[in-house]
Amino acid sequence: MPVHALRLNAGRFPADAGVSELVDELAKTSSEFRTLWEEHSVGSLPRAYKVFVHPEGGASS
């Protein structure tokens, strides 16, 4: 997972202990990660497709 995607998830799920622990571990063990993390870059997570669920029409992509 790219650092910007991890930052996006850390922002979306601030109470998620797993995300916090992963960030802490990577920050302790990787100077490259620390440098990238400190850039505060945020990106989107690519999706191959989206599914819309309409209450009457059901799911469609």
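Values as computed for the structure displayed
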quantity	calculated
Subset of region 40-55 [assigned to a loop (DSSP other than H, G, I, E, B) and either surrounded by 12 or more Cβ atoms within 10 Å (Cβ to Cβ) or at pLDDT below 85 (or both)]	HIS40, SER41, VAL42, GLY43, SER44, LEU45, PRO46, ARG47, ALA48, TYR49, LYS50, VAL51
Within region 10-28, considering residues that are over 20 Å from SER41 (Cβ atoms) and either of a type in the set (Ser, Thr, Tyr) or surrounded by fewer than 10 Cβ atoms within 10 Å (Cβ to Cβ) (or both), the one farthest from the chain's Cα centre (by Cα)	LYS28
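The values are calculated or read from the model by the stated rules, or taken from the named source; none is laboratory data. This structure is a prediction, so every number in the text was calculated from the model and none was measured. In this analysis, Cβ positions are derived from the backbone assuming ideal geometry, glycine residues included, and neighbour counts consider all displayed protein chains.
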